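The values are calculated or read from the model by the stated rules, or taken from the named source; none is laboratory data. Quick caveat: nothing in here was measured; it's all calculated off a predicted structure. Reconstructed Cβ throughout: ideal geometry from the backbone, glycine too, with neighbour counts over all protein chains shown. All accessible areas refer to the heavy atoms of the entire protein, side chains included, with ligands and DNA or RNA removed. Shrake-Rupley method; radii C 1.70, N 1.55, O 1.52, S 1.80 Å.
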Amino acid sequence: MQLHVAEAGPESGPLVLLLHGFPGFWWAWRHQLPALATAGYRVAAADLRGYGESDRPPRGYDLWTLAGDAAGLVRSLGAREATIVGAGWGGAVAWTLATLRPGVVSRIAVVAAPHPRVVRDAARRRPWGPAVRVVASLQPPRLPERRLRRDDAAWVAELLRAGSGDGWASAPEFAEVADRHRAAMLTPRVSHTALEGFRWCVRSQFRPDGARYAAAMARRVTVPVLQIHGEADPWVPDRVARASARWCDAGHVHRTLAGVGHFPHQEAPQHVTDALLDFLDE
(Lines give C-alpha, C1' and ligand atoms only; values in the text may rest on other atoms or scores of the structure.)
Protein backbone atom coordinates (compact mmCIF):
# COMPACT_ATOMS: atom_id res chain seq x y z
CA MET A 1 0.00 0.00 0.00
CA GLN A 2 1.56 3.30 -1.11
CA LEU A 3 0.41 6.66 0.25
CA HIS A 4 1.25 9.98 -1.36
CA VAL A 5 2.67 12.58 1.05
CA ALA A 6 3.60 16.25 0.65
CA GLU A 7 6.38 17.14 3.10
CA ALA A 8 7.86 20.37 4.41
CA GLY A 9 10.10 21.44 7.28
CA PRO A 10 13.35 20.16 8.75
CA GLU A 11 13.83 16.39 8.91
CA SER A 12 15.00 16.75 12.49
CA GLY A 13 11.78 18.49 13.59
CA PRO A 14 8.95 16.79 15.49
CA LEU A 15 6.63 15.07 13.03
CA VAL A 16 3.13 16.42 12.40
CA LEU A 17 0.92 14.26 10.16
CA LEU A 18 -2.01 16.03 8.47
CA LEU A 19 -5.02 13.94 7.37
CA HIS A 20 -7.66 15.51 5.13
CA GLY A 21 -11.39 14.84 4.99
CA PHE A 22 -14.04 14.42 2.29
CA PRO A 23 -14.06 15.64 -0.46
CA GLY A 24 -10.46 16.74 -0.11
CA PHE A 25 -6.87 15.68 -0.64
CA TRP A 26 -3.51 16.77 0.80
CA TRP A 27 -3.79 20.28 -0.73
CA ALA A 28 -6.56 21.13 1.74
CA TRP A 29 -3.72 21.77 4.23
CA ARG A 30 -1.95 24.25 1.92
CA HIS A 31 -2.08 27.00 4.57
CA GLN A 32 -0.92 24.95 7.55
CA LEU A 33 1.81 22.98 5.76
CA PRO A 34 4.27 25.87 5.24
CA ALA A 35 3.34 27.67 8.47
CA LEU A 36 4.07 24.65 10.67
CA ALA A 37 7.24 23.94 8.72
CA THR A 38 8.45 27.50 9.26
CA ALA A 39 7.87 27.00 12.98
CA GLY A 40 10.35 24.11 12.94
CA TYR A 41 8.07 21.10 12.59
CA ARG A 42 8.46 18.34 10.04
CA VAL A 43 5.05 18.31 8.39
CA ALA A 44 3.57 15.60 6.17
CA ALA A 45 0.19 16.08 4.48
CA ALA A 46 -1.02 12.72 3.23
CA ASP A 47 -3.56 11.64 0.66
CA LEU A 48 -5.65 9.05 2.48
CA ARG A 49 -6.12 5.60 0.99
CA GLY A 50 -8.50 6.00 -1.95
CA TYR A 51 -7.82 9.72 -2.48
CA GLY A 52 -5.49 11.83 -4.61
CA GLU A 53 -2.29 10.10 -5.66
CA SER A 54 -2.42 7.37 -3.00
CA ASP A 55 -3.30 3.80 -3.91
CA ARG A 56 -6.99 3.09 -4.45
CA PRO A 57 -7.54 -0.61 -3.66
CA PRO A 58 -11.04 -2.09 -3.77
CA ARG A 59 -11.29 -2.50 0.01
CA GLY A 60 -9.82 -1.35 3.31
CA TYR A 61 -11.84 1.82 3.98
CA ASP A 62 -12.87 0.98 7.53
CA LEU A 63 -11.38 3.05 10.34
CA TRP A 64 -9.37 0.10 11.66
CA THR A 65 -7.45 -0.13 8.38
CA LEU A 66 -7.14 3.63 7.83
CA ALA A 67 -5.68 4.05 11.31
CA GLY A 68 -3.21 1.27 10.48
CA ASP A 69 -2.25 3.15 7.31
CA ALA A 70 -1.53 6.27 9.37
CA ALA A 71 0.48 4.35 11.98
CA GLY A 72 2.54 2.75 9.24
CA LEU A 73 3.10 6.13 7.64
CA VAL A 74 4.48 7.57 10.89
CA ARG A 75 6.98 4.75 11.14
CA SER A 76 7.86 4.85 7.42
CA LEU A 77 8.72 8.53 7.82
CA GLY A 78 11.29 7.48 10.42
CA ALA A 79 9.47 8.76 13.51
CA ARG A 80 8.60 6.89 16.69
CA GLU A 81 5.51 9.04 17.24
CA ALA A 82 3.77 12.06 15.74
CA THR A 83 1.13 14.66 16.34
CA ILE A 84 -1.86 13.65 14.23
CA VAL A 85 -4.05 16.42 12.84
CA GLY A 86 -7.23 15.33 11.09
CA ALA A 87 -10.16 17.14 9.51
CA GLY A 88 -13.56 15.52 8.99
CA TRP A 89 -13.00 11.90 7.97
CA GLY A 90 -9.30 12.38 8.69
CA GLY A 91 -10.31 13.45 12.20
CA ALA A 92 -12.13 10.15 12.68
CA VAL A 93 -8.89 8.42 11.67
CA ALA A 94 -6.98 10.52 14.22
CA TRP A 95 -9.38 9.60 17.06
CA THR A 96 -9.13 5.92 16.07
CA LEU A 97 -5.34 5.96 15.90
CA ALA A 98 -5.03 7.67 19.30
CA THR A 99 -7.36 5.09 20.84
CA LEU A 100 -6.16 1.89 19.21
CA ARG A 101 -2.48 2.69 18.50
CA PRO A 102 -1.47 5.24 21.16
CA GLY A 103 2.17 4.24 20.96
CA VAL A 104 2.65 6.16 17.71
CA VAL A 105 0.71 9.27 18.79
CA SER A 106 2.02 12.11 20.96
CA ARG A 107 -1.17 14.20 20.70
CA ILE A 108 -4.03 14.79 18.29
CA ALA A 109 -5.84 17.81 16.89
CA VAL A 110 -9.19 17.25 15.22
CA VAL A 111 -11.06 19.70 13.02
CA ALA A 112 -14.82 19.33 12.51
CA ALA A 113 -14.64 15.77 13.84
CA PRO A 114 -16.31 14.59 17.07
CA HIS A 115 -15.16 11.36 18.71
CA PRO A 116 -16.65 8.38 16.79
CA ARG A 117 -18.50 7.15 19.88
CA VAL A 118 -20.08 10.57 20.29
CA VAL A 119 -21.22 10.54 16.66
CA ARG A 120 -22.61 7.02 17.03
CA ASP A 121 -24.51 7.79 20.23
CA ALA A 122 -25.84 11.14 19.02
CA ALA A 123 -26.98 9.72 15.69
CA ARG A 124 -28.88 6.93 17.42
CA ARG A 125 -30.40 9.17 20.06
CA ARG A 126 -31.27 12.28 18.05
CA PRO A 127 -30.01 12.38 14.46
CA TRP A 128 -29.28 15.80 12.97
CA GLY A 129 -31.00 16.16 9.62
CA PRO A 130 -28.48 17.65 7.15
CA ALA A 131 -25.69 15.19 7.99
CA VAL A 132 -28.05 12.22 7.87
CA ARG A 133 -29.34 13.30 4.46
CA VAL A 134 -25.83 13.67 3.02
CA VAL A 135 -24.58 10.33 4.38
CA ALA A 136 -27.79 8.56 3.34
CA SER A 137 -27.42 9.89 -0.20
CA LEU A 138 -24.03 8.17 -0.45
CA GLN A 139 -25.23 4.67 0.42
CA PRO A 140 -26.74 3.32 -2.84
CA PRO A 141 -24.34 1.59 -5.23
CA ARG A 142 -23.04 3.42 -8.33
CA LEU A 143 -25.53 6.32 -8.29
CA PRO A 144 -23.54 8.58 -5.91
CA GLU A 145 -20.39 7.95 -7.96
CA ARG A 146 -22.18 9.09 -11.09
CA ARG A 147 -23.45 12.15 -9.30
CA LEU A 148 -19.96 13.00 -8.09
CA ARG A 149 -18.50 12.77 -11.60
CA ARG A 150 -21.37 14.49 -13.41
CA ASP A 151 -20.63 17.88 -15.00
CA ASP A 152 -16.92 17.68 -14.13
CA ALA A 153 -17.68 16.91 -10.47
CA ALA A 154 -19.87 19.98 -10.00
CA TRP A 155 -21.39 18.36 -6.88
CA VAL A 156 -18.04 18.69 -5.12
CA ALA A 157 -18.25 22.47 -5.45
CA GLU A 158 -21.85 22.31 -4.20
CA LEU A 159 -20.76 20.33 -1.13
CA LEU A 160 -17.97 22.80 -0.34
CA ARG A 161 -20.39 25.70 -0.70
CA ALA A 162 -23.12 24.02 1.36
CA GLY A 163 -20.72 23.16 4.15
CA SER A 164 -19.09 26.56 4.42
CA GLY A 165 -19.87 29.29 6.91
CA ASP A 166 -20.16 33.02 6.41
CA GLY A 167 -18.43 34.40 3.36
CA TRP A 168 -16.02 31.63 2.30
CA ALA A 169 -18.00 30.70 -0.81
CA SER A 170 -17.71 34.30 -2.01
CA ALA A 171 -14.01 34.64 -1.14
CA PRO A 172 -11.53 35.13 -4.03
CA GLU A 173 -9.86 31.75 -3.41
CA PHE A 174 -13.05 29.69 -3.46
CA ALA A 175 -13.14 29.16 -7.22
CA GLU A 176 -9.63 27.69 -7.18
CA VAL A 177 -10.46 25.56 -4.13
CA ALA A 178 -13.54 24.17 -5.88
CA ASP A 179 -11.65 23.52 -9.14
CA ARG A 180 -8.80 21.67 -7.41
CA HIS A 181 -11.16 19.52 -5.34
CA ARG A 182 -13.25 18.74 -8.41
CA ALA A 183 -10.15 17.69 -10.35
CA ALA A 184 -9.03 15.45 -7.47
CA MET A 185 -12.43 13.75 -7.37
CA LEU A 186 -12.19 13.02 -11.12
CA THR A 187 -9.00 10.99 -10.59
CA PRO A 188 -9.81 7.43 -11.74
CA ARG A 189 -11.79 5.44 -9.13
CA VAL A 190 -11.65 8.19 -6.47
CA SER A 191 -15.37 8.89 -6.84
CA HIS A 192 -15.91 5.32 -5.62
CA THR A 193 -13.14 4.82 -3.08
CA ALA A 194 -13.79 8.20 -1.40
CA LEU A 195 -17.33 7.06 -0.57
CA GLU A 196 -16.48 3.64 0.81
CA GLY A 197 -15.65 4.94 4.30
CA PHE A 198 -19.09 6.50 4.68
CA ARG A 199 -20.67 3.28 3.49
CA TRP A 200 -18.67 1.29 6.01
CA CYS A 201 -19.79 3.63 8.81
CA VAL A 202 -23.46 2.94 8.08
CA ARG A 203 -23.35 -0.72 7.07
CA SER A 204 -21.04 -1.77 9.89
CA GLN A 205 -23.72 -0.73 12.39
CA PHE A 206 -25.53 -3.92 11.44
CA ARG A 207 -22.48 -6.19 11.36
CA PRO A 208 -20.10 -7.67 13.94
CA ASP A 209 -17.18 -5.51 12.78
CA GLY A 210 -19.13 -2.38 13.70
CA ALA A 211 -19.84 -3.71 17.18
CA ARG A 212 -16.16 -4.62 17.64
CA TYR A 213 -15.08 -1.16 16.52
CA ALA A 214 -17.53 0.55 18.90
CA ALA A 215 -16.31 -1.61 21.78
CA ALA A 216 -12.66 -0.89 20.99
CA MET A 217 -13.36 2.85 20.82
CA ALA A 218 -14.78 2.78 24.35
CA ARG A 219 -11.20 3.11 25.62
CA ARG A 220 -10.38 6.63 26.67
CA VAL A 221 -7.81 8.72 24.81
CA THR A 222 -4.59 9.02 26.79
CA VAL A 223 -2.88 11.81 24.81
CA PRO A 224 -3.73 15.54 24.79
CA VAL A 225 -6.52 16.56 22.41
CA LEU A 226 -7.31 19.83 20.65
CA GLN A 227 -10.69 20.18 18.97
CA ILE A 228 -11.44 22.97 16.51
CA HIS A 229 -15.01 23.35 15.34
CA GLY A 230 -16.94 25.81 13.23
CA GLU A 231 -19.90 27.38 15.02
CA ALA A 232 -21.74 27.51 11.68
CA ASP A 233 -21.01 23.89 10.69
CA PRO A 234 -24.28 22.79 9.05
CA TRP A 235 -23.55 19.07 9.30
CA VAL A 236 -22.00 18.53 12.73
CA PRO A 237 -23.39 20.67 15.59
CA ASP A 238 -20.85 22.18 17.96
CA ARG A 239 -22.75 20.69 20.92
CA VAL A 240 -22.03 17.21 19.53
CA ALA A 241 -18.34 17.99 19.06
CA ARG A 242 -18.05 19.31 22.63
CA ALA A 243 -19.34 16.02 24.02
CA SER A 244 -16.05 14.42 22.91
CA ALA A 245 -14.36 15.79 26.04
CA ARG A 246 -15.67 12.91 28.13
CA TRP A 247 -13.51 10.47 26.13
CA CYS A 248 -10.28 12.36 26.85
CA ASP A 249 -8.09 11.58 29.87
CA ALA A 250 -4.95 13.63 29.19
CA GLY A 251 -6.35 17.10 28.58
CA HIS A 252 -8.91 18.44 26.14
CA VAL A 253 -9.15 21.92 24.62
CA HIS A 254 -12.13 22.91 22.49
CA ARG A 255 -12.10 25.99 20.27
CA THR A 256 -15.23 27.15 18.47
CA LEU A 257 -14.76 29.53 15.53
CA ALA A 258 -17.66 31.93 15.00
CA GLY A 259 -19.10 32.13 11.50
CA VAL A 260 -17.03 29.17 10.28
CA GLY A 261 -18.51 26.04 8.73
CA HIS A 262 -17.31 22.48 8.19
CA PHE A 263 -13.90 23.36 6.73
CA PRO A 264 -12.20 25.58 9.35
CA HIS A 265 -8.65 24.83 8.15
CA GLN A 266 -9.60 26.26 4.76
CA GLU A 267 -12.19 28.87 5.78
CA ALA A 268 -10.24 30.40 8.66
CA PRO A 269 -6.70 29.11 8.07
CA GLN A 270 -4.87 31.62 10.27
CA HIS A 271 -7.09 30.88 13.28
CA VAL A 272 -6.54 27.15 12.82
CA THR A 273 -2.79 27.54 12.30
CA ASP A 274 -2.45 29.70 15.41
CA ALA A 275 -4.45 27.19 17.46
CA LEU A 276 -2.26 24.33 16.22
CA LEU A 277 0.95 26.18 17.00
CA ASP A 278 -0.24 27.02 20.50
CA PHE A 279 -1.14 23.36 21.03
CA LEU A 280 2.12 22.05 19.58
CA ASP A 281 4.28 24.51 21.52
CA GLU A 282 2.79 23.68 24.93
Task: Value of Rg/Rh across segment 225-282 [Cα atoms, Kirkwood radius] - done: 0.97
Open item on the list: With every protein chain left in place and a probe of 1.4 Å, what is the accessible surface of Thr222, to the nearest 10 Å²?
Closed with: 90 Å²
Task: Amide proton proximity set for Gly230, modelled H, under 5 Å, gap of 5+ - done: Ala112, Leu257
- [ ] Quick one: order Ser106, Ser164 from most to least accessible surface, probe 1.4 Å.
- [x] Ser106, Ser164
- [ ] Report, for the chain, the % of DSSP beta bridges that are antiparallel, rounded to 5.
- [x] 15 percent
Task: Accessible solvent surface per residue of segment 161-282, calculated while the other protein chains remain in place, 1.4 angstrom probe, Å² - done: 45 Å²
Open item on the list: So if I take the centroid of the Cα atoms in segment 174-237 and the same for segment 28-58, what is the distance between those two points in Å?
Closed with: 16 Å
- [ ] Using the Karplus curve 6.51 cos²θ - 1.76 cosθ + 1.60 with θ = phi - 60°, work out ³J(HN,Hα) for each residue of segment 134-143 in order, rounded to whole Hz, and write x for Gly and Pro.
- [x] 5, 5, 5, 5, 8, 7, x, x, 6, 4
Open item on the list: If you take every residue apart from Arg80 with its C-beta less than 15 Å away from the C-beta of Arg80, what net charge results, scoring Lys and Arg +1 and Asp and Glu -1?
Closed with: +2
TODO: Keeping the other protein chains in place, figure out the carbon and sulfur percent of the accessible area of segment 31-137, with a 1.4 Å probe.
DONE: 54 percent
Open item on the list: For the chain, compute the orientation-averaged projected area of the C-alpha convex hull (one quarter of its surface), in nm².
Closed with: 13.2 nm²
Task: Amide H partners (placed H, <5 Å) of Val105, local residues excluded - done: Ala82
Task: Gain upon complete extension [Arg80, Glu11; 0.36 nm per residue less C-alpha separation] - done: 23.5 nm
- [ ] Rounded to whole Å and ordered largest first, report the semi-axes of the equivalent ellipsoid of segment 48-94 derived from its Cα gyration tensor (root of 5λ).
- [x] 18, 13, 10
TODO: Please tell me the relative contact order of segment 151-282 in percent, rounded to the nearest whole number, where contacts are Cα pairs under 8 Å and at least six residues apart.
DONE: 27 percent
TODO: Could you tell me what percent of the accessible area of segment 187-282 is made up of carbon and sulfur, with a 1.4 Å probe and every protein chain present?
DONE: 56 percent
Open item on the list: Show me, for segment 153-168, the HN-Hα J-couplings you get by feeding each phi into the Karplus relation (A = 6.51, B = -1.76, C = 1.60, θ = phi - 60°), rounded to Hz, glycine and proline as x.
Closed with: 6, 4, 5, 4, 4, 5, 5, 4, 5, 5, x, 7, x, 6, x, 5
TODO: Let me know the volume per residue of the alpha-carbon convex hull for segment 135-249, in Å³.
DONE: 142 Å³
Open item on the list: Please compute the contact order of the chain in relative form: average sequence separation of alpha-carbon pairs under 8 Å and at least six residues apart, divided by the residue count, as a percent.
Closed with: 21 percent
Open item on the list: On a full-extension model of 0.36 nm per residue, what is the gain between Ala258 and Asp179, subtracting their alpha-carbon distance, rounded to one decimal in nm?
Closed with: 25.8 nm
Open item on the list: Once ligands and nucleic acids are excluded and a 1.4 Å probe is used, how much of Leu160 is accessible, expressed in Å² to the nearest 10?
Closed with: 0 Å²
Task: For segment 202-214, 3J(HN,Hα) per residue [Karplus equation, 6.51 cos²θ - 1.76 cosθ + 1.60, θ = phi - 60°, Hz, x = Gly/Pro] - done: 7, 5, 5, 4, 10, 10, x, 5, x, 5, 5, 5, 4
